[in-house]
Amino acid sequence: MPDTGTAAERRASPDLTAPRAPRNRRFSLLGPAGGRLAVLVAAVLLLLSTVFVSITWQDHVATLEDGWAAAERAALGAAEHAGRGLSAARLVTDRVAEAVQRDGAEVFRGAGQAELTAMLREVPQIGAVLVTGPEGRVLASSLDPDPAPRTLTHRGYEEALRQGADSALGPMRLDHASPIWFFSFARAVRGPTGDLRAVVLAAMHADEFQRFQRGLGLGAGGRVGLFRLPDGAPLMLSPLPQAADAAGLPRGSQLTPPPEALRAAATTQFRDGRFEWAGPGGQRHLVAWRLASPGPPLIAAAGMPRSVALAPFNARVLRNALLFALAGVVVLALAGAVATALARGVRLRLSAEAGQRELAAVLEATGDGVLALDATWRISFVNRRAAAALAAGRELRGLVFWDAFPEASGTPFAAAYRRTMEQRLPSVVEAAWPAIGRRFRAESHPREDGGVVVFFRDVTQEREAAARVAESEARFRAMADNIPQLAWMARPDGWIFWFNRRWFDYTGTTLAEMEGQGWRNVHHPDHVEHVVARLSRAWEGGHPWEDTFPLRAKDGGYRWFLSRAMPVRDGEGQIALWFGTHTDVTEQRAAQAALRESEAHLRRVLDNLFVFVAVLSPSGRLQEVNRTPLEAAALTLPDVRGRPFWDCFWWSHDPAVQARLREACERAAAGEALRFDIELRMAGDRRRMADFQIAPLRDAAGRVTHLVPSATDITKRHEAEAALAESEARFRLAQEAAEIGVFERVLPGLDAHWSPTMFRLYGLDPAGRSPWIGEEEHLALLHPEDRELHRARREAMRGDPSQSRFAFEFRICRADSGEVRWIATRGEVVRDAAGRPMVIRGVNYDVTERRRAEERQLLLAREVDHRAKNALAVVQAIVGLTRHSDPEQFRAAVTGRIAAMARAHTLLAREGWGSAELRELIEAEVAPHSSAMQDGMERVAISGPSVALAPGAAQPLAMALHELATNAAKYGALTSPAGRVRVAWAATEDGGLALRWIEEGGPELEGPPQRRGFGSSVIRNTVERQLGGRVRFDWPRGGLDLTLSLPAAQLRWPQATPREARPEP
């Protein structure tokens, strides 16, 4: 049965106050002398036998107890080692899980695998880190930047994670491919609703555990294991299993805690215990277990063969038997006295041991390591924590401290201990212990017997964590002070306690002026109440905040900023602080205003403004409407007069729009004015966006007599706003995802410390190389034309005491591709009291796209200027070539031709001057003549595959089609009610286009016209001279049959287009 009692209970000494057994009575049958002799002999022999058996038994018990104690020390060391390993695994998996939750597992693939590798360099307990999906599919690995697709099976932790556990342990397994024994620490990555998104695995390899186990001092046949609670599944075993099944789980006889111990540990009823285990071949082992903490529930068990523990005892039994036999022969007459003295000594020893065990139990319960030294510096006591930290498998009791630890001489520990020993004063010291490179805090106190007791604790991780926090905070502030945005942090209640340097540079204020609610003073008076109200709601609700408003600069002027704030939550989901930024968008708003002005100007130039004005009765029936919307929808006033406004053709495409208009009419009739954007339907099922307004018209008495709806075409503005919104979304995404490299150089050194992002900006792989880079290596990455200027700027930073900040841009040649990129740098020069530069640090970020955008903007301005001049030249040519004696007809001819050019211009502008669809161009030119129907047939039939015209071909072809449509309406087929026109086109074998214009049902022709008019000249000149095509006029009696061909260079065919020799309308 396992021993589940406490340490104090296990070490309790037997009751030494029990009455002694009565001595044997004299023999009554012998004479006085013989009786005395018999009694003496019998007493001596009995006493010798009793003493021998007693001492042998006590030695047996003490030896077993030493074996148990060794097993307990080993279990304690294994439990603490497991706790440290799992704490390290928790830290690593938490960092990986946070990155996966934020950016996805792809962040650790490819170049990102180096970050996983870097995390493991200081954690020898972890052999590998993997990221898997909920089903076990491997997404990322520290062993491979691009892991092959595979799925982990028989994981052993998935059920616990599915039931909501934050972390779980996977049982010990053999990786048949390595082969390496390991167990897994699994960390869940969950979504906002608690669903399992991914799992981060830390593989705890057996190699490091084996190395640690060899220092536990268990001797030959010693065994150590880690077991998961509550099921007792083995996590790590030493020695390693000799075989594994197909799933990698251990096979054969292994060290296993009994169910009683597992239940006691799982319920935390006991934190340690003992049990005996029958190993291979029935060999009994003394096994002690210890509950590991902190971390996931597991126990560490350590034991040694009972035979190994009793080996010293067996050797002593034979020696003691010989000694006692010799003593019985030599000192037979003194046996009674010797036995009496021996019994008294045994009782005293047992009593002293009982007191020592009680004191040892108290010292073992403390969380510190404890060493007790007597007045001669000899070690008289070592608790388990001290042995695990310093013994390295040695037995320290009885050794002189300076012999056991010669490396302590000359250290602060030696000085403190000598002061306590010699002056009898307590001492406290913290320093590194030379032998193991760990930092300890030790307290030494004088003992009443002239010795010293030392309590010490390993504080290495605490100091390293504090140093890392300080370094991380310094880097964060350096980066925050040099980002382009203004930044701040606030407590959960909204009290702002920190601003970055750019805030103070812009506002000209101090922290004392801004802290708390002082930031309101730099807000515009017209906006501050609105900002405070919205920000207060965000703080109260704990949700992100975003707003746009002006902030006052130190010169008194105001600039517009896009502001955001996000709550930063702790591990329990509570808001720890708020982090906010302000991004200057003044130029962006000015660009928006300029864009709107440009749109308005363009609409005026091209006369493309859509205006809709109508008069309704209070019930919403249409009474009057202007001509523009009627013509756009191919309607007449009788078609719509008297109808409910929401039932008219313009709104017939969408029941939701009709319902909204009906509601608007009802609200306007009640005296309310409304305004909103709405989509209108035009002829040909075209759609336009309009700024719609409806207002009541009142008489002198204030009664509503009419409703006046109006609409202004805002299609272009709507498209621009959509484009602008998309641009703003991209800007926000770029701002959040922009990579900013951080550098720091400590002068007078020439090497700079770069962040991984800095290396990637320059096309270098940060994995596997030092974070330090020399000045010459950096200059070699710069563009040759910028190197000397860059070197001069650096010398100016060092030599000019007044220069504390710097900001400039330069070019680099990326190391991986040779691509030239523009880099912006901002930073500061830290100087000492004498003005000498000490540190240069700052940030770099890529501004190549901004530079290219500026170049494209200049090129676009030149292109707009060029096209405007071309358009005016074409208009001038049209006016100059048009001849007519009648001014009205002259105006109509010129207007029609310019309108044809404008329609082509509109199509090109809509497609970004990339191309214009042929079908849309034809429909636009024949639209004024195609609305009437004859016998259910369209007057103008259009057919042909999809094809677009090059920008240079759209306007010339539009003028040619305009001339054909005008001539058909004036002189050809469209002058007759029965006349019709068919337009068809197809692709030619060489990729060109063949188009036929056929007129039927018009006045009969006697042959070709006697003279060539201006229209035919325009057609031939535009097609043959400008476009490089061919035109053929045929004049059958039924009407004009024109064939027009264009070369492939003037066309933009889709990828899959049928090739036909000639169009067949």
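We did not get these values from a lab; they are worked out from the coordinates using the rules stated. What you are looking at is a predicted structure, and each value in this text was computed from that prediction instead of being measured. A quick note on method: Cβ atoms are made from the backbone with ideal geometry, for glycine too, and the neighbour counts reach across all protein chains shown.
A few points about this structure:
- Fewest-first sequence of Leu86, Leu120 by Cβ atoms within 10 Å of each Cβ: Leu120, Leu86
- Between the range 34-89 and the range 473-546, the alpha-carbon center distance in angstrom: 71 Å
- The Rg/Rh ratio for the range 606-722, using Cα coordinates for both the radius of gyration and the Kirkwood hydrodynamic radius, is 0.96.
- Peptide ranges 990-1000, 798-808, 612-622 listed from the most packed, as the mean C-beta count within 10 angstrom indicates: 990-1000, 612-622, 798-808
- Assigned charges on the beta-carbon of Lys, Arg, Asp, Glu; the range 606-722 dipole about Cα centre (debye): 240 debye
- Packing-based exposure ordering (other Cβ within 10 Å, fewest first) of Ile942, Ile922: Ile942, Ile922
- Protection proxy ranking, peptides 129-139, 426-436, average beta carbon neighbours within 10 Å, highest first: 129-139, 426-436
- Summing Lys and Arg as +1 and Asp and Glu as -1 over all other residues whose Cβ lies under 11 Å from the Cβ of Thr420 gives a net charge of +2.
- Net charge of Cβ neighbours under 9 Å - reference Phe497; Lys, Arg +1; Asp, Glu -1: 0
- Added length on full extension, which subtracts the Cα-Cα distance from 0.36 nm per residue, Asp639 to Arg559: 23.4 nm
- Think of the range 375-458 as a dipole: +1 on every Lys or Arg Cβ, -1 on every Asp or Glu Cβ, centred on the Cα centre; then among Phe405, Ala389, His445, Ala389 lies furthest on the positive end.
- When you count the other C-beta atoms within 10 angstrom of each residue and take the mean per peptide, 200-210, 455-465 line up highest first as 200-210, 455-465.
- When the Cα positions of Gln693, Ala614, Ser652 are compared along the charge dipole of the range 606-722, Ala614 comes out farthest toward the positive end, with charges on each C-beta of Lys, Arg, Asp and Glu.
- Going from the residue with the fewest nearby Cβ atoms within 10 Å to the one with the most, Lys554, Lys716 rank Lys554, Lys716.
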